[in-house]
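Contents: one structure, followed by commentary.
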Amino acid sequence: MFASHDQAPSPVTLRLALERILRPAVGFQHPREVLKDPLLSPDDKRAVLSSWASDACAVEDQPTLRQMVGCESPVPLEDVLAALSRLDGPGPHLKAA
């Protein structure tokens, strides 16, 4: 079984881990937390941040704010876009026409 120094994960911990796998965007309070998450691939991080930036997460009557499901308070769209930009790294991202 488990040694005295090892403890079985609690049901709450297991539920949160499963929730993160099934719905990776849930549980983040700020875009920088998405960037720091070691379990998400860069593509997963981009997907989470892109969905956060979408109009579906816009706060009614406050188009510069976004609120993800499970997030305690709205986040400025500017912060979400800055996180996406950091994820993409330095350099030009627009191709010349």
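Quick one: which of Val80, Val69 is β-branched (Val, Ile, Thr), part of a helix (DSSP H, G or I) and at pLDDT 75 or above? Before you say what the answer is, go through the steps one by one.
Values: Val69 fails: part of a helix (DSSP H, G or I).
Only one candidate passes the filter, namely Val80.
What are the residues in segment 46-95 that are farther than 19 Å from Glu33 by Cβ and among the basic types (Lys, Arg), if any?
Matches in segment 46-95: Lys95 only.
What pairs can you find where one residue is in segment 56-84 and farther than 24 Å from Pro42 by Cα, the other is among the small types (Gly, Ala, Ser) and surrounded by 12 or more Cβ atoms within 10 Å (Cβ to Cβ), and their Cβ atoms are less than 9 Å apart, with a gap of 6+ or different chains?
Filtered contacts from segment 56-84: Thr64/Ala58.
So which residues in segment 6-58 are at pLDDT below 85 and polar (S, T, N, Q)?
Result: Gln7, Ser10, Thr13.
The values are calculated or read from the model by the stated rules, or taken from the named source; none is laboratory data. Everything numeric here is computed off the predicted structure, so don't read it as measured data. Don't worry about glycine lacking a Cβ; one is built from the backbone with ideal geometry, like all the others, and counts go over all protein chains shown.
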